[in-house]
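As structure tokens, the structure follows; a few thoughts come after it.
We did not get these values from a lab; they are worked out from the coordinates using the rules stated. Not measured: the values here are computed from a predicted model.
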Amino acid sequence: MKNFEFHNRVIHDVTEKLKELDIDLFLIITSEGSDKMTRFIPGVDTVGSGAFFFTKEGKRYGVASSIDAQDVEESGLFDEVIRYQDYDSTVAGLLKKLNPKRVALDFSETDAECDGLTLGRYEYYKAHIKGQLEFLEVSSDLFIPQVKAVNHQ
């Protein structure tokens, strides 16, 4: 864990922006450190496939492999850390449980720092939730630049 107080404050600020913008969920999908956003929020990296869920109600979920789960748990930043046997069904199951209407993902046409979700990971994720639930996807560039501006590292 890099800095609990800093990353906890960042997550809190993201939650406030989610409420303000009526975005139900900020979802970070990563694998082998592919999304650099994880250095800022939540401040925990993964080796295997991982996902971080932040709701506008303030709930925090980490989905991690058995190799990564200990670091995610020890960060103290999550309400629940789910160790998966099957990553795809675990992520899809949590999405169904949360049932968001608007989801922010880490993609952007204008802000490179908010563009960490690779096209391959995105298409793989979409293929595994197809037909299971519907929601509007928005860019994390709606709030991450403001959160970064007030939380200098």
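Before moving on, here are some points about what is shown:
- Choice from Lys19, Lys101, Lys130 with maximal GNM fluctuation in the chain (Cα, 10 Å cutoff): Lys130
- Within the range 1-143, antiparallel bridges make up roughly 50 percent of the DSSP beta bridges whose residues both belong there.
- Here the 3J(HN,Hα) profile of the range 107-124, calculated from phi with Karplus coefficients 6.51, -1.76 and 1.60 at θ = phi - 60°, is 9, 7, 8, 10, 10, 4, 6, 10, 10, x, 6, 6, 4, x, 5, 4, 5, 5 Hz, Gly and Pro shown as x.
- If you take the Cα centroid of the range 129-152 and the Cα centroid of the range 6-81, the two points sit 12 Å apart.
- Top of Gly50, Gly76, Gly58 by mean-square fluctuation, Gaussian network on the chain, Cα under 10 Å: Gly76
- Phi to ³J(HN,Hα) by Karplus 6.51 cos²θ - 1.76 cosθ + 1.60 over the range 45-56, Hz, x for Gly, Pro: 9, 10, 8, x, 5, x, 8, 10, 10, 10, 9, 5
- Sorting the Cα pairs of the range 4-144 by distance into bins of 10 Å, from 0 upward, gives 12, 48, 37, 3 percent per bin.
- For Glu137, the residues whose amide H sits under 5 Å from its own are Val103, ignoring neighbours fewer than 5 places away on the same chain, with H placed 1.01 Å from N.
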